[in-house]
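Structure first, then comments.
The values are calculated or read from the model by the stated rules, or taken from the named source; none is laboratory data. Quick caveat: nothing in here was measured; it's all calculated off a predicted structure. Methodologically, a virtual Cβ is constructed for each residue, glycine included, from the backbone with ideal geometry; neighbour enumeration extends over all protein chains shown. Ligands, DNA and RNA are stripped out before the accessible areas are found, and what is left, the full protein with its side chains, is counted by its heavy atoms. Shrake-Rupley method; radii C 1.70, N 1.55, O 1.52, S 1.80 Å.
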Amino acid sequence: MPDDPSNYVRQREKGSRDVSYPPAPEPLAVPVYDNHCHLEIADGDEGGFSLDEQLDRALAVGIAGVVQAGGDIDSSRWSADAASRHPRVLAAVAIHPNEAPEYDAAGRLDEAIAVIDELAAQPRVRAIGETGLDFFRTGEEGRDAQFRSFEAHIALAKKHDIAMQIHDRDAHQAVFETLERVGAPEKTVFHCFSGDADMARYATERGYYLSFAGNITFKNAQNLRDALAVASLDRIMVETDAPFLTPSPLRGRPNAPYLVPVTVRFMAAERGMDVDDLCAQLAATTERVYGTFTS
């Protein structure tokens, strides 16, 4: 880990995909926020854009701020540092459920969680995330570590009285059972919501928040559109999960907060709403969950 957290960077694998950034969409008239992104991951041709450039490109199309999410010690430190230096960035810090078994195998999971605890005390760290359970990438042998890490992160969100961003992949029932068994934080967000209409009803009835990403535009994602249709309007938010999940028809190309308007306009059409009205609601909900970006 470099002494200066801002020097940390990860490079996304390019493969054979188109790595040119898409053109900027039409700006939103009412600003919103990207409530989950990973801007420490470099993507795109010629190394992509710096954090300042990404934030400026986002602001130019009506994205007033971002919540930068960590997934291990290094990226969480980067996220907290970015938030401390940029008024348009808030941070979420955590050990990702797929990283928890790796730390555990190295005998460092408790140490890693202690680092997250320390970072969470910083004033511009407003969420524990992303944490949760992932039964897609991690097998049975890693699940004990995932559960232990998830429960520890829930406790940290409560201790610091901040939100929690959940990563839930192929683990819906286990996530809900864990939240009900140990008690969910007051502001619990299902990042990149991946359930269906029944799950959306169940989650919002319990006061949880659903964050929709660009994959809601994918042809095979009818379950997400059904979920959006029934979710309580005051419980939904929007995110990019950048540099991943670029919305259609740009799928596969680098994603970034400046592309949020594509997803927002799609969501407004699905809900049969005026875009400005949806933006106002998304912004209000995001500020209710994470607080203001300027304080």
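Structure values in brief
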read-out: Surrounding net charge for Arg251, when Lys and Arg each add one and Asp and Glu each subtract one, Cβ distance under 11 Å; value: +2
read-out: Inter-part distance where the range 119-150 and the range 11-71 are each reduced to a Cα centre, Å; value: 24 Å
read-out: Exposure of Tyr21 as accessible area (Å², to 10), given a probe of 1.4 Å and all protein chains; value: 30 Å²
read-out: Approximate spin-label separation Asp198-Val230, in nm, with each point projected 7 Å along Cα-to-Cβ; value: 0.9 nm
read-out: Separation in nanometres of the label points that stand 7 Å from Cα toward Cβ, at Ser84 and Tyr8; value: 1.2 nm
read-out: The range 1-155, dipole about Cα centre (Lys/Arg Cβ +1, Asp/Glu Cβ -1), debye to the nearest 20; value: 440 debye
read-out: Among 159-167, 120-128, 64-72, the order from most to least packed when residues are scored by Cβ within 10 Å on average; value: 64-72, 159-167, 120-128
read-out: Residues with amide H under 5 Å from that of Ile128, placed H, sequence gap 5 or more; value: Val93, Ala163, Met164, Gln165
read-out: The range 1-113, relative contact order [Cα under 8 Å, separation at least 6], %; value: 23 percent
read-out: Radius 12 Å from Cβ of Phe190, net charge of other residues (Lys, Arg +1; Asp, Glu -1); value: +1
read-out: Accessible surface of the range 185-295 [probe 1.4 Å, protein heavy atoms]: carbon and sulfur percent; value: 47 percent
read-out: Highest average packing first - 88-96, 171-179, Cβ atoms within 10 Å; value: 88-96, 171-179
read-out: Surface share of carbon and sulfur [accessible, 1.4 angstrom probe, percent] for the range 53-168; value: 47 percent
read-out: Which of Ala283, Ala269, Tyr258, positive extreme of dipole for the range 246-295 (C-beta unit charges); value: Tyr258
read-out: Translational D in µm²/s for the chain (Stokes-Einstein at 4 °C, 1.567 mPa s, Kirkwood Rh from C-alpha pairs); value: 69 µm²/s
read-out: Residue-normalised accessible area of the chain, given per residue in Å² at a 1.4 Å probe; value: 41 Å²
read-out: Charge dipole of the range 24-116 about the Cα centre (unit charges at C-beta), most positive-ward option of Leu51, Val61, Asn98; value: Val61
read-out: Estimated dipole of the chain in Debye, rounded to 20 [Cβ of Lys and Arg +1, of Asp and Glu -1, Cα centre]; value: 580 debye
read-out: Gyration tensor (alpha-carbon) shape descriptor, the range 64-175, a/c threshold 1.5; value: prolate
read-out: Solvent-accessible area of Glu26 with every protein chain in place, 1.4 Å probe, in Å² to the nearest 10; value: 130 Å²
read-out: Proximal lysines relative to Lys187, as straight alpha-carbon distance under 21 Å, when same-chain residues fewer than 8 apart are discounted; value: Lys158, Lys159
read-out: Label-point separation, Leu59 to Glu177 (7 Å along Cα→Cβ), nm; value: 4.8 nm
